[in-house]
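Comments concern the structure below.
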Amino acid sequence: MKKYYLCFVFIFFSSQMNLFAQNIKKKDNYTYQVREEEGDLNNDGKVDKIIVKMDTIDETRPLILQIFLSHPNGKLTLAVSSTKIIEPQYPIEKQGKHNEYQIPNFFIEKGILRMWSEIKGGNITCDFKYRKGNFELINVEKVTHNTAKGYIDEYTIFTETKFNLITGLRTETDDVLGSGKILNKRKKTVLIRPLPKIQDFKYSDKKLY
């Protein structure tokens, strides 16, 4: 009985060690840097940094966003790390096919972290602001287009969406490409509380706004 017990213990700890080693290996696979941006994110007058890295071992090519904040001594500390905010280049549901979108771009403008992404039929920009230790989603701007049929030919309708999450005001404006005329404008108030945090934001959440 003792022999079987020792064998069980050995197998259990071996499996745990293998799992631990796999987790370490998985973290280390984000080695290929594809984006880097510097700027002041927390209004302390010091340079912070944003880095996006890709896992080139995983077949789906997942990406990780890392935000580093500076300290008075000039050293950078990892404040946020997320693997959910950027869609893998080859999602599992695509069965080996590319997601057809380029990797999002990140900018720092007047203390705001801006993420510009391609979406179906257009693009979307999400603004995050550092407040009380978190980066919160405060504003979304989206532009999409679709083709409509007229009496003679087809024309393209552009829809611009502006959503201020602080006030809750969401505005959609339709116009025809090149006409300079507004076809339709819709306004409504949508309050989201608490404001979404960047570490909880998933790439699929862009469809919600």
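Numbers at a glance
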quantity: Meets criteria (modelled with pLDDT under 95 and either surrounded by 12 or more Cβ atoms within 10 Å (Cβ to Cβ) or of a type in the set (D, E, K, R) (or both)) for Lys84; calculated: no
quantity: Any hit, segment 189-199, residues being under 30 Å from Asp40 (Cβ atoms) and touching a Gly at 6+ places or on another chain (Cβ under 6 Å); calculated: yes
quantity: Cross-chain or 6+ apart pairs with Cβ under 9 Å, segment 108-119 first and exposed (fewer than 15 other Cβ atoms within 10 Å of the Cβ), then among the β-branched types (Val, Ile, Thr); calculated: Trp116/Ile124; Trp116/Thr125; Ile119/Thr144
quantity: Any hit, segment 128-148, residues being in contact with a strand residue (DSSP E or B) (Cβ under 7 Å, 6 or more places away or on another chain), exposed (fewer than 14 other Cβ atoms within 10 Å of the Cβ) and within 30 Å of Asn29 (Cα to Cα); calculated: no
quantity: Qualifying strands (runs of 3 or more DSSP E) (wholly inside segment 55-165; at least 3 residues being charged (D, E, K, R)); calculated: 122-131, 134-149, 154-164
quantity: Qualifying residue in segment 171-186 (condition: basic (Lys, Arg), out of contact with any Cys (no Cβ under 9 Å at 6 or more places or on another chain) and outside any strand (DSSP E or B)); calculated: yes
quantity: Pairs where the first residue, in segment 188-209, is touching a residue at least 60 places away in the same chain (Cβ under 8 Å) and part of a loop (DSSP other than H, G, I, E, B) and the second is surrounded by fewer than 16 Cβ atoms within 10 Å (Cβ to Cβ) and of a type outside the set (A, V, I, L, M), C-beta under 9 Å, 6+ apart; calculated: Pro196/Asp205; Gln199/Ser81
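The values are calculated or read from the model by the stated rules, or taken from the named source; none is laboratory data. Model, not experiment: these values are computed from the prediction. When we count neighbours, we look across all protein chains shown, and the Cβ atoms used for this are built from the backbone with ideal geometry, even at glycine.
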